[in-house]
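Please treat every number below as a calculation from the coordinates, not as lab data. What you see is a predicted model, and the numbers here were worked out from it, not measured in a lab. Positions of Cβ are generated from backbone atoms using ideal geometry, with glycine treated the same way; all protein chains shown enter the neighbour counts.
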Amino acid sequence: MKVGRRMTPDILNRLEKNDRDALMAGRADPGVALLVDTMVAMKPDIGAQADIVSGALLEMEVPASIAADALETVMARIDALPESRPAAQRKAASSAVSALDEIIRLPDPLREIVLEQTGSRDWKFAGPGIRSMDLDLGGDTHVQIIRLQPGQGVPLHTHGGSEYTLCLQGGFSDERGSYGPGELSVADSDVMHRPVADEDGVCLVLAVTDAGLKFTGVLGVLQRIFG
């Protein structure tokens, strides 16, 4: 398969053959199914393929929807904090609101899954200006939401297998091109790249991999030593 391409409206032909066949047979890995369903939600112009991919997540448990006024409710609680509260507490609360706002803006069905797991799976430090949240979907793929501050990037790496990276918010670029909301980077073991968030805002991506990343340089040496 040719790699390093953006996902175009022809969704199925851009997936690895094994993922494409599994999706059409109704036995797709939950991570790949979530990726495709999110792509369809973000790109109404590819709705013609919705019948093919719709229902890919039907067997997955659907969490209860968040109340429409959830963000407003949290904001009201923060505003109600006594002025005597330490500034650090108020700052932490405001940061929590920003994170919730970003999650609420995610497309369905991804938003519901992230909200369901937010309490038990917090954001983790993944490098300077980078946070990640693992999503447990019960499949064989590794599924993450990755948040990159403006101008920050993932270290240079290649891949042990396939890597799908769907831009959810903001934008990022690598050695092969630039990607905005709804566009998907497809890479495999032949691709070495360093995705970097655009300078004009936070970038959120959904990353689905079927094998680990392979870093270069010092990180690569440490990875080989410590696994």
*By count of other Cβ within 10 Å, fewest leading, how are Leu184, Leu213 ordered?*
Leu213, Leu184
*Listing Glu175, Glu116 from the residue with the fewest other Cβ atoms within 10 Å to the one with the most, what is the order?*
Glu175, Glu116
*What does the highest-first list of 27-36, 126-135 look like by mean Cβ count within 10 Å?*
27-36, 126-135
